[in-house]
Each structure stands twice: as C-alpha cells, then as structure tokens.
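The structure appears below as structure tokens.
The values are calculated or read from the model by the stated rules, or taken from the named source; none is laboratory data. This one's a predicted model, so the numbers in the text were calculated from it and none came from an experiment. Neighbour counts are summed over all protein chains in view; Cβ atoms, including those assigned to glycine, are modelled from backbone coordinates with ideal geometry.
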Amino acid sequence: MADAGAQLVQSLGRILQSTLVSIEIVPGDPETWGASNTEGFLLSQSPEGQNLGVFQKHLYSIYPTAVSMLKTSAHNASAVILLANPAHQTAWNARKHLVLQSEPHFAESELLFSERLMPSSKPAAKESIAWAYRRWLLHYIYGATALPVKRVESEFLLVSKCCELYPRNYFAWSHHYFTVDCLVTALDADHNLDSPYIGVLLGRAHSLRRWIETHVSDFSAMDQYCKLLSRVNSLSYYRHAFSALLDPPTHLHHTIELIQTYPNESLWMFLRALLIVFPQLVESAVSLTSDFESVHRDRFARWVQRIIPGVVL
C-alpha cells in the first residue's frame, strides 16, 4: 500500500509539472462522480491543451506519503504537497533549492508550474508564500532587467484569475502593484515614447476599470487602480502618451456614476482614494454629490473637512 502511494506521488508529481492548461481539485473521489478511475486524477484534452483534475480524497490520502518523500524525491513530492497544502513553507523552500541547483531553463518551467498551481484552489490563490515565491523567481530569472511584455501580461492574467477565485485577494493585488511598479520603473529609466510598456499600462488601466464596474465591492481593485494612476502620473516624460488616462474629470464622473448606480461604501472609499491622486477634484466632487443623501455621503463630507478645512459642503 505504501509502495502504491509512493508511485502515485511520483506519477502525479510528474504530471503536475508537465505542460498543462489548468489544474483543479475535484471534490470527493471517483465513486462520487460515478467514475471508474483508480489513479486519483483525470486528464482531459481541450483545444488549448491538457487539463488535470485531481480527486480531493485521493490527494489528501497520499499527502502524508508525499511529506515523507520530500527529502528523497523533492521534485515530485513537493509538487503534490503544494497542491494539497500551498502554505507548506518547507516544500516551497525545497523547490527554491531545486531552482538554484538546476539549469537556468528550470526556473522558467517553475514559473509555469506556479502559474498553473495558484489558480487551482482558493487557498493557493491567496497564499502569501506562493506569491512571494513567484516574485523571487522573477528576480532570479530577470534580475534588474525589465520584465518582457509577455511576462508582464502573464502576471496580470494570473492576478485576475486568482482574484476571481478568491475575491478581495490582498496578496494577489500586492503582486499586481509589484508588476505595475516594474513597468513604471522600466519606463522611467528608458525614456522611450515607443516603448511597448505604454500600451501594456494603458491596457491594464482599462482592464482594471472594467473589473471595478463588475466588482463594485472590491476596494482592493479600486485601490490598485488609484495606485496605478498615481504611478503613471509620476512619469512626467510620458505625460502626453498617458494624457487620456490622466484626465481627472473623466475619472471623477465615472466614479460618481458608479456611486449613483451602486451606492455602497466601497465606491465612496474609491472616490476618496481618487481625490488623493487628483486633489484638484475635491470641490467638484463635493458639488456633484451635494444632493446625495446617505450615511456614506455624510462620512465623505466629514473626511473632506478634515483634509481641506473650510471647504464649502
């Protein structure tokens, strides 16, 4: 029985690190779904590639075996451990040692492994160690060099997937800020008006705005949007390239429209964060919300009075 468990750890570990489109933990076991599978996982083919489903009961049953194999078979055992328990610090450290001891191309494949593992479950999507490990990999591979455009787009896509899986995902949004910061730093050092990073930042701002429109309680996303605007606003050399994005009245009217449609606290906090980026909008914001009657508007008014004493409300 122990040998069968060890074989399953080796088999599943290899598959987890192969080229997959997605990984998903399936509740229950094969019998729950009327399947005859005895291996504990299923591979399905899609136009994009292979998708892996691992039955939860089987995964948890081989977890102790995988832990016992970590020192002797770190490559496969750590992959299985992290699928079952993405907060396992020792398994992440084992993978870090594997990266340091392997050829450079292994680090690239490790990024892909991380990219498939993190959206596999809610615990993985929000795990701080997993996000820290991913940033370590990026630093290890690229060092002080700017991230390639495709890599940046992959990071943003991963953040979106993990935030859909686990709403208001603090650590995913922190990684989003890290990625934006990498872009802005590269632009600031380059002074190239033809840089592809300009289009990436504009596209990301547009995506965040759409996200906010469909996730009106996600203040983490709103906070990241304002931080992106603030970072872009600091790029004086690119002011013309970002002129449409940095048009304050456009942002104010968009936020007011959202508040009118969805009068929740998060959007009022979004308005405050926006006014910190564009303080010249305070009086307009006060005027446009003067007819609003809610406890949130009262709190907003008191906040304005604290930051600008004497303003007419």
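Quick look at the numbers
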read-out: Criterion: more than 23 Å from L275 (Cβ to Cβ), in contact (Cβ under 8 Å) with a residue 12 or more places away in the chain and not β-branched (V, I, T) - qualifying residue of H215, H191; value: H191
read-out: Odd one out for A66 among (1) small (G, A, S); (2) under 25 Å from the mean Cα position of the chain (by Cα); (3) within 23 Å of L8 (Cβ to Cβ); (4) crowded, with 19+ Cβ neighbours inside 10 Å; value: (2)
read-out: Qualifying positions in region 115-174 - of a type in the set (D, E), outside any loop (DSSP other than H, G, I, E, B) and either free of Cβ contacts under 8 Å to residues at least 40 places away in the same chain or closer than 20 Å to I81 by Cβ (or both); value: E115, E155, E164
read-out: Per-region count, region 261-295, residues surrounded by 19 or more Cβ atoms within 10 Å (Cβ to Cβ), touching a residue at least 40 places away in the same chain (Cβ under 8 Å) and over 17 Å from P248 (Cβ atoms); value: 2
read-out: Residue satisfying condition, being polar (S, T, N, Q), surrounded by 15 or more Cβ atoms within 10 Å (Cβ to Cβ) and touching a His at 6+ places or on another chain (Cβ under 9 Å), within set S22, S78, S73; value: S78
read-out: Pairs with Cβ under 7 Å, 6+ apart, first in region 39-58 and under 13 Å from G28 (Cα atoms), second of a type in the set (D, E, K, R) and modelled with pLDDT of 85 or more; value: G53/E24
read-out: Helices (runs of 4 or more DSSP H) enclosed by region 1-114 - at least 1 residues per element that are at pLDDT below 95 and more than 26 Å from W131 (Cα to Cα); value: 2-16, 56-68
read-out: Residue list for region 281-299, restricted to those being at pLDDT below 90 and of a type in the set (A, V, I, L, M, F, W, C); value: none
read-out: Top-ranked residue of region 175-218 - restricted to ones that are of a type in the set (V, I, T) and assigned to a helix (DSSP H, G or I), ranked as surrounded by the most Cβ atoms within 10 Å (Cβ to Cβ); value: V180
read-out: Test: residue in region 198-213 that is acidic (D, E), closer than 23 Å to M269 by Cβ and either touching a helix residue (DSSP H, G or I) at 6+ places or on another chain (Cβ under 9 Å) or modelled with pLDDT of 95 or more (or both); value: yes
